[in-house]
1. Looking at the stretch 130-138, can you tell me whether even one residue there is closer than 23 Å to Gly284 by Cα and touching a helix residue (DSSP H, G or I) at 6+ places or on another chain (Cβ under 6 Å)?
2. Looking only at residues in the stretch 1-56 that are of a type in the set (Lys, Arg) and within 13 Å of the chain's Cα centre (by Cα), which one is surrounded by the most Cβ atoms within 10 Å (Cβ to Cβ)?
3. Of the conditions (1) under 21 Å from Met269 (Cβ atoms); (2) not assigned by TED's automatic domain parsing to the domain that holds Phe272, Leu200 fails just one. Which one is it?
4. Output the qualifying pairs, or none if there are none: Cβ atoms under 7 angstrom, residues six or more apart or on different chains, first residue in the stretch 164-193 and without any contact (Cβ under 8 Å) to a residue 12 or more places away in the chain, second residue surrounded by 14 or more Cβ atoms within 10 Å (Cβ to Cβ) and in a loop (DSSP other than H, G, I, E, B).
5. Quick one: count up the residues across the stretch 195-252 that are of a type in the set (D, E, K, R) and within 20 Å of the chain's Cα centre (by Cα).
6. Which condition breaks for Thr208 when tested against (1) free of Cβ contacts under 8 Å to residues at least 40 places away in the same chain; (2) buried (at least 19 other Cβ atoms within 10 Å of the Cβ); (3) assigned by TED's automatic domain parsing to the domain that holds Val262?
7. So if I check each of Glu223, Glu234, Glu257, Glu243, which one is touching a helix residue (DSSP H, G or I) at 6+ places or on another chain (Cβ under 7 Å), touching a residue at least 24 places away in the same chain (Cβ under 8 Å) and surrounded by fewer than 24 Cβ atoms within 10 Å (Cβ to Cβ)?
8. Name the one entry in Arg332, Arg353, Arg349, Arg336 that is basic (Lys, Arg), surrounded by fewer than 23 Cβ atoms within 10 Å (Cβ to Cβ) and in contact with a Pro (Cβ under 8 Å, 6 or more places away or on another chain).
Amino acid sequence: MKVFIIHASAGAGHRKAAEALEKAFGRYPGKDISVRLIDALDYTNPFFKKSYSAVYIFLVKYIPFVWGIFFHLLNFAFFAPLIGFFRHAFNSFQGKPLRELILKESPDIVICEHFFSAQMLSYLKAKGLFKGTVICGVTDFGVHQFWINKGTDYYLVASDATRDELTAKAIDAGKIIVTGIPIEEKFSKDLSKPQMRTRLGLNPETFTVLVTSGGFGVGPIMEIVKCIDRVPFETQIAVICGENERLVSLFSSQAFEKTVKVFGYVHNMDEFMTAADVIVSKTGGLTVSESLAKALPMLILKPIPGQESRNAEIIEQYNIGMRLGNVKDTGRCLQRLLDNDQALLKQMRENARKLARPDAADKMCQWIIKTFLAKS
């Protein structure tokens, strides 16, 4: 059985989900499965690949309300046929090499971890040009209309709420499998909080706040840290700036009252989340899923209008975190978590454990093997 897992390097989340799934398939060595990981943007021209993520970063960093307007307008089913026509024309032009690869290699299953490839593969399937199975792995807790395409065989989704949202959009319940969003296996491992703090250069006994803002390191991170630095209780702060090297440099020129440890892009987020008592973060689908796996309550930092706002709603709905109305709310929210012997914090941890699906990648693989391997 030949499996292609296709993502797009427009944000770390889609890539990380695809990589986690690829690694999960590797944990079933006795099966007759070949897996290939593909970045869809590698099959477009270099200018398009670079501008695809650059335009997105510019919008969410400087004019997020514009991104939000487009997100919501394009999410109306009423506009789907018209938008679908232009999307198909655009994706077909930019993704011609990817289409040729798929038709030449003819994989048995294609798992799309980004809507760019999802639309293209679903179209090929609907037209009878591709005979394999098209699976969409939705990487957020909400489902934008862009994920929904005629020709998609199955949707692997984050939660029961995601499934309900799809059925409300007239998707057959038999096509929807609730697996969770795939994250790396290491997030399910039980690590020692004091040991992880010591490894990261932190005090093993001090209340720890993890501040991050996704792989691109956008958002008012410096302002958040300065606010936490002023709160009148003992705490320490670990800051992850992602690929934003300028922000790392800016932190090095600042002085703080509390212990503040600053990091760039890291590959041991599981250790940071273990070390932390609470995370201040945006609500990308992967970050939320990883936080849930680590039973880590969230203070939600300016979610990007659209997909991250929906993820934030889920976190608030299940009482796993609180949304910051503004930067100054950080201190007030932290104080609430520390009141009454941290009773609220403990309840949030329990709620996170109930919603967490740390074995999502393995569940996806197991379902695919059980459903399709005998047919190949």
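The values are calculated or read from the model by the stated rules, or taken from the named source; none is laboratory data. Since we're looking at a predicted model, the values are computed, not measured. Here the Cβ is made from the backbone with ideal geometry for all residues, glycine too, and neighbour counts use every protein chain on show.
1. The initial filter retains those residues of the stretch 130-138 that are closer than 23 Å to Gly284 by Cα, namely 135-138.
Now restrict to residues that are touching a helix residue (DSSP H, G or I) at 6+ places or on another chain (Cβ under 6 Å): 136, 138.
Yes, that holds for at least one residue.
2. Here is the first cut: in the stretch 1-56, the ones of a type in the set (Lys, Arg) are 2, 15-16, 23, 27, 31, 36, 49-50.
Imposing the further condition that a residue be within 13 Å of the chain's Cα centre (by Cα) reduces the set to 15-16.
On the way: Arg15: 20, Lys16: 25.
My answer is Lys16.
3. In the conditions (1) under 21 Å from Met269 (Cβ atoms); (2) not assigned by TED's automatic domain parsing to the domain that holds Phe272, Leu200 misses (2) alone.
4. none
5. Step one: filter the stretch 195-252 for residues of a type in the set (D, E, K, R), giving 197, 199, 205, 223, 226, 229-230, 234, 243, 245-246.
From what's left, within 20 Å of the chain's Cα centre (by Cα): 243.
Count: 1.
6. Looking at each condition in turn, Thr208 falls short on (1).
7. Numbers: Glu223 fails: touching a helix residue (DSSP H, G or I) at 6+ places or on another chain (Cβ under 7 Å); Glu234 fails: touching a helix residue (DSSP H, G or I) at 6+ places or on another chain (Cβ under 7 Å); Glu243 fails: touching a helix residue (DSSP H, G or I) at 6+ places or on another chain (Cβ under 7 Å).
Sole residue among the options that is touching a helix residue (DSSP H, G or I) at 6+ places or on another chain (Cβ under 7 Å), touching a residue at least 24 places away in the same chain (Cβ under 8 Å) and surrounded by fewer than 24 Cβ atoms within 10 Å (Cβ to Cβ): Glu257.
8. Values: Arg332 fails: in contact with a Pro (Cβ under 8 Å, 6 or more places away or on another chain); Arg353 fails: in contact with a Pro (Cβ under 8 Å, 6 or more places away or on another chain); Arg336 fails: in contact with a Pro (Cβ under 8 Å, 6 or more places away or on another chain).
Exactly one residue qualifies, and that residue is Arg349.
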